[in-house]
Amino acid sequence: MSRAALLLLADGRFPAGGHAHSGGVEAAVAHGAVHDTDSLEAFCRGRLHTTGLTTAALAAAAAGGHDPLLLDDAADARTPAPALRAAARRLGRQMLRAARAAFPSAELERLAAARPQGAHQPIVLGLAARAAGLAPVDAAHAVAYENIGGPATAAVRLLSLDPLDASRLLARLGPETDAVAAAASGAAARAMAEGIDVLPSASSPLLDIAAEQHAAWSVRLFAS
């Protein structure tokens with residue numbers, strides 16, 4: 001197992017397209033829900049324990065060897081907003097392209113053939129982690145962190161926040177990120193014996209509504 005592979009997957013410079021997405025924070029800024037570091041922290045914490053938990057468990061299950069096509073269907077069921085499903089598949093398509101170059105594997109090739117328009121990004125990340133010899137909890141950590149790191153970075157640009165404050169915020173959320181990753185990987189382990197219905201399906205209706213509104217904007221800085 002290469003810890004360097006985990007760093008690469010979690011690196012914002014990995015060419016998987018994440019830099020073009022705000023994780024919903026652009027809409028939250030426009031609505032006034034996020035306007036400073038404290039409100040950004042509340043936003044990230046809520047996202048971590050809902051979308052973050054759900055997607056981290058999907059990634060961990062993929063890394064653990066669960067059928068990625070069944071997981072992709074499960075991701076669809078857990079993503080009710082069409083705009084978010086489309087964004088997840090765009091990101092998945094870009095990540096699959098990068099993962100096939102960095103961590104070649106037969107499983108990634110089969111997924112690419114089965115889902116030419118893209119699979120959900122957490123499923124692809126989980127398979128990439130598996131190809132790199134990482135554990136399910138590693139995949140869960142990468143996805144959980146991405147769920148707060150992306151919005152925090154976007155908010156620095158949108159609100160001209162001090163990057164040091166954003167980094168401090170992410171550090172404060174570190175223990176909660178670890179706990180979410182552990183819970184996600186535990187659920188993924190249970191899913192191997194009990195089926196994918198035991199995977200978390202925590203919802204965030206406000207994010208869903210805001211995503212649909214954001215998708216209709218004629219001018220926006222981020223794709224989602």
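Note on the stretch 175-198: residues that are of a type in the set (A, V, I, L, M), over 15 Å from the mean Cα position of the chain (by Cα) and closer than 21 Å to Ala77 by Cβ amount to 9.
Just to be sure before I move on: is Pro116 open to solvent by 30 Å² or more (accessible area, probe 1.4 Å), within 21 Å of His66 (Cα to Cα) and assigned to a loop (DSSP other than H, G, I, E, B) in the structure I sent? So Pro116 fits the description; yes. Among the residues of the stretch 71-84, those that are in a helix (DSSP H, G or I) and open to solvent by less than 30 Å² (accessible area, probe 1.4 Å) comprise Leu71, Asp72, Ala74, Ala75, Ala83. Just one of the numbered conditions (1) surrounded by fewer than 19 Cβ atoms within 10 Å (Cβ to Cβ); (2) at pLDDT below 95 is not true of Met95; which one? The single condition Met95 does not satisfy is (1). Across the stretch 98-113, the qualifying residues are those that are closer than 19 Å to Asp76 by Cβ and among the small types (Gly, Ala, Ser), and the one among them that is least open to solvent (accessible area, probe 1.4 Å) is Ala112. Taken over the stretch 203-222, the residue count meeting the criterion of being aliphatic (A, V, I, L, M) and crowded, with 17+ Cβ neighbours inside 10 Å is 4.
If you take the residues of the stretch 169-184 that are in contact (Cβ under 8 Å) with a residue 60 or more places away in the chain and of a type outside the set (A, V, I, L, M), which of them is surrounded by the most Cβ atoms within 10 Å (Cβ to Cβ)? Among those residues, the one meeting the criterion is Thr177. Being open to solvent by less than 10 Å² (accessible area, probe 1.4 Å) and either of a type in the set (Ser, Thr, Tyr) or touching a residue at least 40 places away in the same chain (Cβ under 8 Å) (or both) is the requirement here; does Val143 meet it? It is true that Val143 is open to solvent by less than 10 Å² (accessible area, probe 1.4 Å) and either of a type in the set (Ser, Thr, Tyr) or touching a residue at least 40 places away in the same chain (Cβ under 8 Å) (or both).
Report yes if some residue within the stretch 83-93 is within 25 Å of Glu194 (Cβ to Cβ), touching a residue at least 40 places away in the same chain (Cβ under 8 Å) and among the hydrophobic types (A, V, I, L, M, F, W, C); otherwise report no.
No - not one qualifying residue is present in the stretch 83-93.
When Ala129, Ala101, Ala87 are checked against the criterion of being more than 16 Å from the chain's Cα centre (by Cα), hydrophobic (A, V, I, L, M, F, W, C) and assigned to a helix (DSSP H, G or I), a single residue qualifies: Ala101.
Of all residues in the stretch 1-31, those that are within 19 Å of Ala83 (Cβ to Cβ), of a type in the set (A, V, I, L, M) and open to solvent by 20 Å² or more (accessible area, probe 1.4 Å) total 3. When the stretch 1-51 is filtered for residues that are part of a loop (DSSP other than H, G, I, E, B) and of a type in the set (Asp, Glu), the ones remaining, listed by number, are Asp11, Asp36.
The values are calculated or read from the model by the stated rules, or taken from the named source; none is laboratory data. Quick caveat, the model's predicted, so the values are computed rather than measured. Cβ sites come from the backbone with ideal geometry, for glycine too, and all protein chains shown count toward neighbours. Surface areas here come from the heavy atoms of the whole protein model, side chains and all, with no ligands, DNA or RNA. Shrake-Rupley method; radii C 1.70, N 1.55, O 1.52, S 1.80 Å.
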